[in-house]
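Chemist: Below is the structure I would like to discuss, written out as structure tokens.
What follows is calculated from the coordinates using simple rules that are stated; it is not laboratory data. Remember, predicted model here, so these are calculated numbers, not experimental data. Neighbour counts run over all protein chains shown; Cβ positions are idealised from the backbone, glycine included.
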Amino acid sequence: MAELGPVLEVLLGGLMSGVLYSLVALGFVLIFKASGVFNFAQGAMVLFAALSLVRLSEWLPFPVAIALTIAIMIALAWAVERLVLRPLVGQHGLILFMATIGVTFFLDGFGQTIWGSNVYQLDLGISASPWFLLENLFPGGILVSPVDVFAAAVAGSLVLALSIFFHSTKIGRALRAVADDHQAAQSVGIPLNQIWLIVWSTAGVVALVAGMAWGSKLGVQFSLSFVALKALPVLILGGLTSIPGAILGGLIVGAGEKLAEFYIGPAIGGGIEYWFAYVLALAVLLVRPQGLFGEKIIERV
Amino acid sequence: MNALARPAPFDQPATPRTALAVHNIEVVYDHVVLVLKGVSLEVPEGAIVTLLGANGAGKTTTLKAISNLLHAERGEVTKGSITFYGEEVHRLSPSELVRRGCLQVMEGRRCFGHLTVEENLLTGAFTRKDGKAAIQRDLEMVYSYFPRLKERRKVLAGYISGGEQQMCAIGRALMARPRLVLLDEPSMGLAPQLVEEIFEIVDRLNREEKVTFLVAEQNTNVALRYARYGYILENGRVVLDGPAEALRDNEDVKEFYLGLSATGRKSFRDIKSYKRRKRWL
């Protein structure tokens, strides 16, 4: 019992940080699923959303700042659709990917130009002092951060809402149709421009949620845009097209890297958690290229 | 350019309205490649009209010019006009055109592989605003024409057979309640028996649901049996047009498109210019 306490605590901590990875991965999945574009700018969107929120909340009440940030993210989605996606429609996926890299650098720079490049504190009004659970079972209990619990709850409900949206609404069905075949979707009258606007706006809102969670943990600063890199192994693990996959992938990566650090770390000197996820992703790629929940590549023979 | 004297296209008592009129259009890809060099055609309401020609003749380009799907392939209509029920539609978005009742079933079926058959059909109703009950009724209508789709409604469209996919693509188009369907090579990759079945259903839809069809085909034989009027495209130009029976009896069509000649079926052995040898090497 005595050794189980720390393990559980590490596991729980890992799962919680995994949820945060999932939040970022979710934005990638949304855009990839509905437009076949791997949006490298998702990390920059997280930073941009968090920066906007922090700076706006300095002179506006918090709920108003959130609403305004959502409006900004929708405006951003509109601009990306209008200026980047629409002129490039029908181009190869790699070209669209390169375009999103351009958007990344623009957003990183532009965001810091207008909002400033300091480290800003984001206070969500959740007490930072950790909770101690199951103190009667383990000596000292299990330490849990309320912010992490909050992030997990938000991520959970976001996933639930998005799954329902994708699978049982007309727009959701259209989104999946567009993901399968742009031109065929266009031929049955689905307006690509509107669909892309919806998807990028949704991804913008998801980026805001991710930005809030990460920002309250790390502070809102430039390095936030690098959390996107942690989402890559999550995507490979969960599958690029699966919303539940993004969540489960995040949990596995989060728990895996913390447990690896805990068990193997001391033996080889630590630092495992920085590369463990990528090795895991590599292994998954070898065995199951579409990821755990990715859409099977359909090939009729 | 027209070898046949052109009679009134349809010998019906009252002249039907013109659903689609394409007037002298030119299409350029990538700003330089001239693919259509002045194509004109007319589709009267309630007819099945066919567009014939070999690979690369411009059939698909013509259809995409009408349905405005060229943009994604960097093609552009640079000259001429396209009217749908008298209105210029050349600048409308594809989804606006679908809303007005003109839509294309693309070559190669193009079903949404990761959606079920029923979901595929429902995507066709995207532009409709007349309520769930009406859409449900049309779903049953589509299933009554394609009973096989009903059996496979829960299966992912990527896993059904080619013939079923073609049915799914046509059914999906019907869900939009179209007045005119541009059908691009429905026979592609299908067994002769299935081709016949598909055309039989197109014919029924034309008669019973009053859907007008413009069908691009390479299978001249089948197309001319079901269509009322035909256009033959070569190198981006209409070289011949006329009522289907007249085309079927035309000596050139017989020889070049139906493989028949005055002396009966022609063997490829007798055609000198056909470089058979190279094919086998």
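Chemist: Rounded if a/c is under 1.5, else prolate if a/b is larger than b/c, else oblate: which is region A:1-124, with a ≥ b ≥ c the root eigenvalues of its Cα gyration tensor? Walk me through the intermediate numbers first.
Modeler: On the way: a/c = 2.55, a/b = 1.35, b/c = 1.89.
It is oblate, given that a/c is not under 1.5 and a/b is not larger than b/c.
Chemist: Among B:129/B:154; A:33/A:170; A:170/B:129; A:170/B:64; A:33/A:230, which pairs are too far apart, with a Cα-Cα distance over 22 Å? Don't jump to the answer; show the numbers that get you there.
Modeler: Working: B:129/B:154 25 Å; A:33/A:170 16 Å; A:170/B:129 12 Å; A:170/B:64 26 Å; A:33/A:230 19 Å.
Beyond 22 Å: B:129/B:154; A:170/B:64.
Chemist: What net charge do the residues around residue B:128 carry, taking every other residue with its C-beta under 11 Å from that of residue B:128, with Lys and Arg at +1 and Asp and Glu at -1?
Modeler: So the environment of residue B:128 carries a net charge of +3.
Chemist: Then there's this: With n ≥ 4 as the cut-off for DSSP H runs, can you work out [θ] at 222 nm for chain A, using -39500 (n - 2.57) per run divided by the number of residues, rounded to the nearest 500?
Modeler: -23000 deg cm²/dmol
Chemist: Any idea what diffusion coefficient the protein assembly as shown gets from Stokes-Einstein, in µm²/s, Kirkwood Rh on alpha carbon pairs, 10 °C, 1.306 mPa s?
Modeler: Working: Rh = 27.1 Å.
The estimated diffusion coefficient comes to 59 µm²/s.
Chemist: List B:130, B:203 from most exposed to least, where exposure is judged by having the fewest other Cβ atoms within 10 Å.
Modeler: Numbers: B:130 11, B:203 15.
Arranged by neighbour count, lowest to highest, B:130, B:203 become B:130, B:203.
Chemist: What longest range of chain A stays clear of loop-exposed GluC sites (Glu not before Pro) (DSSP non-H/G/I/E/B, at most 15 other C-beta within 10 angstrom)?
Modeler: Details: sites that count: A:3, A:135, A:299.
It works out to A:136-298.
Chemist: Here's another thing I want to ask about it. Tell me whether region A:4-221 comes out rounded, prolate or oblate; compute the Cα gyration tensor, take square roots of the eigenvalues as a ≥ b ≥ c, and use a/c under 1.5 as the rounded threshold. Walk me through the numbers on the way to the answer.
Modeler: Values: a/c = 2.35, a/b = 1.58, b/c = 1.48.
Because a/c hits 1.5 or more and a/b exceeds b/c, region A:4-221 counts as prolate.
Chemist: Which shape class applies to region B:206-259: rounded if a/c is under 1.5, otherwise prolate when a/b exceeds b/c and oblate if not, where a ≥ b ≥ c are the square roots of the Cα gyration tensor eigenvalues?
Modeler: Numbers: a/c = 2.14, a/b = 1.62, b/c = 1.32.
It is prolate, given that a/c is not under 1.5 and a/b is the larger ratio.
Chemist: I'd like the distance separating the alpha-carbon centroids of region B:142-191 and region A:55-75, in whole Å.
Modeler: Region B:142-191 and region A:55-75 have Cα centres separated by 48 Å.
Chemist: Residue A:87: net charge of surrounding residues, Cβ under 13 Å, Lys/Arg +1, Asp/Glu -1, itself excluded?
Modeler: +2
Chemist: For a footprinting-style exposure proxy, rank B:79, B:64 by other Cβ within 10 Å, fewest first. Present the calculation step by step, with values, prior to reporting the outcome.
Modeler: Details: B:79 13, B:64 25.
Placing the least packed residue first, the sequence is B:79, B:64.
Chemist: Only bridges whose two residues both fall in the protein assembly as shown count here: according to DSSP, what percent of them are antiparallel, nearest 5? Provide the component values of the computation, followed by the final result.
Modeler: Details: 32 of 50 bridges.
Here the antiparallel bridges make up roughly 65 percent for the protein assembly as shown.
Chemist: How charged is the neighbourhood of residue B:215? Take every other residue with its Cβ under 9 Å from the Cβ of residue B:215, and add Lys/Arg as +1 and Asp/Glu as -1.
Modeler: Spelling it out: positives minus negatives among the neighbours equals -3.
Chemist: So if I average 1/r over every pair of distinct C-alpha atoms in region B:141-187 and take the inverse, what Kirkwood radius in Å does that give?
Modeler: Working: mean 1/r = 0.0892 Å⁻¹.
This gives a value of 11.2 Å.
Chemist: Counting only C-alpha contacts under 8 Å and six or more residues apart, can you give the relative contact order of chain A as a whole percent? Mind dumping the intermediate values first?
Modeler: On the way: 462 pairs, mean separation 103.6, N = 301.
Here the relative contact order equals 34 percent.
Chemist: Roughly how big is region A:4-221's charge dipole about its Cα centre, with Cβ charges of +1 (Lys, Arg) and -1 (Asp, Glu), in debye to the nearest 20? Don't jump to the answer; show the numbers that get you there.
Modeler: Details: 8 positive and 9 negative charges, 121 e Å.
With Lys and Arg at +1 and Asp and Glu at -1, about 580 debye.
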